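Enquirer: One structure, as structure tokens, below. Some questions next.
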Amino acid sequence: MPSLGRLHLITDTRPGRDPLAVVQAALTVARADLVVQVRVEDSATDREAYDLTRRVLALCVSYGATCLVNDRLHVALAVGAAGGHVGADDLPVAAARRVLGPTCVLGATARAPGPAGEAVAAGASYLGVGPCHHTSTKTGLPDPIGPAGVRAVVEAVDVPVIAIGGVTAARVPALRAAGAYGVAVVGAVSSAADPARATAELIEALTC
């Protein structure tokens with residue numbers, strides 16, 4: 001399995017956003033420490049997802065970074081991405097592992113020790129755990145679990161835990177203290193006036 005960077009950037013494809021420009025800016029700072037997870041809106045076609053992922057992957061390759069695809073595992077395979085990530089409403093982890101094969105990176109979403117352990121047993125390479133804090137990037141999410149919830153999952157599994165949901169550079173130290181291997185962000189970088197600077201601040205917080 002490819003090495004897993006500590007900062008995961010999830011593409012923001014909402015109207016008015018420029019995900020490629022944001023990815024490029026983040027890569028210039030984080031380079032191989034970055035994992036880019038391509039996530040598109042539910043309304044996007046597979047062709048649109050494929051075209052975006054192909055371009056993101058090309059950027060990642062030039063910086064030695066890892067590219068994953070959220071949900072659409074067939075797109076991950078089609079472009080040759082390092083793997084994918086499945087949420088609670090996507091394919092079950094065991095089925096996703098069969099699709100991707102034994103060597104690809106497979107992330108799974110969890111928020112409690114029980115489901116987290118089941119996901120790892122089914123083949124998850126890492127866990128996205130949260131939401132840690134309130135976030136406006138995605139609607140319909142359950143209540144935040146905070147650093148204490150992250151710690152509970154960390155203590156139950158032996159794979160990297162990536163904290164997600166309302167993550168900012170200021171909140172990283174508490175999440176790292178809770179045992180999180182890294183963090184995943186959307187708005188903290190994509191909504192920043194200077195995405196490169198925002199990335200640098202996150203990387204600094206993760207490595208302190």
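The values are calculated or read from the model by the stated rules, or taken from the named source; none is laboratory data. Just so you know, these numbers come straight off a predicted model, no measurement behind them. All Cβ positions, even for glycine, are placed from backbone atoms using ideal geometry, and neighbour counts span all protein chains on display. The accessibility values were calculated without ligands, DNA or RNA, using every heavy atom of the protein model including side chains. Shrake-Rupley method; radii C 1.70, N 1.55, O 1.52, S 1.80 Å.
Enquirer: Report the residue count in segment 50-75 for those that are over 21 Å from Gly101 (Cα atoms) and surrounded by 14 or more Cβ atoms within 10 Å (Cβ to Cβ).
Expert: 8
Enquirer: Scan (1) open to solvent by 60 Å² or more (accessible area, probe 1.4 Å); (2) of a type in the set (D, E, K, R); (3) in contact with a strand residue (DSSP E or B) (Cβ under 7 Å, 6 or more places away or on another chain) for the single condition Asp89 breaks and write down its number.
Expert: (3)
Enquirer: List the helices (runs of 4 or more DSSP H) that sit entirely inside segment 143-208 and contain at least 3 residues that are farther than 16 Å from Val36 by Cα and among the hydrophobic types (A, V, I, L, M, F, W, C).
Expert: So the answer is 146-154, 172-177.
Residue by residue, here is whether (1) basic (Lys, Arg); (2) out of contact with any helix residue (DSSP H, G or I) (no Cβ under 6 Å at 6 or more places or on another chain); (3) closer than 18 Å to Ile162 by Cβ; (4) without any contact (Cβ under 8 Å) to a residue 40 or more places away in the chain holds:
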site: Ser3; (1), (2), (3), (4): no, yes, yes, no
site: Leu9; (1), (2), (3), (4): no, no, yes, no
site: Val22; (1), (2), (3), (4): no, no, no, no
site: Val40; (1), (2), (3), (4): no, no, no, yes
site: Asp51; (1), (2), (3), (4): no, yes, no, yes
site: Cys60; (1), (2), (3), (4): no, yes, yes, yes
site: Tyr63; (1), (2), (3), (4): no, no, no, yes
site: Val69; (1), (2), (3), (4): no, no, yes, yes
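Enquirer: Which residues, taken from segment 95-113, are out of contact with any helix residue (DSSP H, G or I) (no Cβ under 9 Å at 6 or more places or on another chain), without any contact (Cβ under 8 Å) to a residue 40 or more places away in the chain and surrounded by fewer than 15 Cβ atoms within 10 Å (Cβ to Cβ)?
Expert: Ala95, Arg98, Pro102
Enquirer: In the list Thr168, Thr135, which residue meets the criterion of being closer than 28 Å to Asp42 by Cα, of a type in the set (Val, Ile, Thr) and buried (at least 18 other Cβ atoms within 10 Å of the Cβ)? Give the derivation first.
Expert: Values: Thr168 fails: buried (at least 18 other Cβ atoms within 10 Å of the Cβ).
Of the residues listed, the single one that is closer than 28 Å to Asp42 by Cα, of a type in the set (Val, Ile, Thr) and buried (at least 18 other Cβ atoms within 10 Å of the Cβ) is Thr135.
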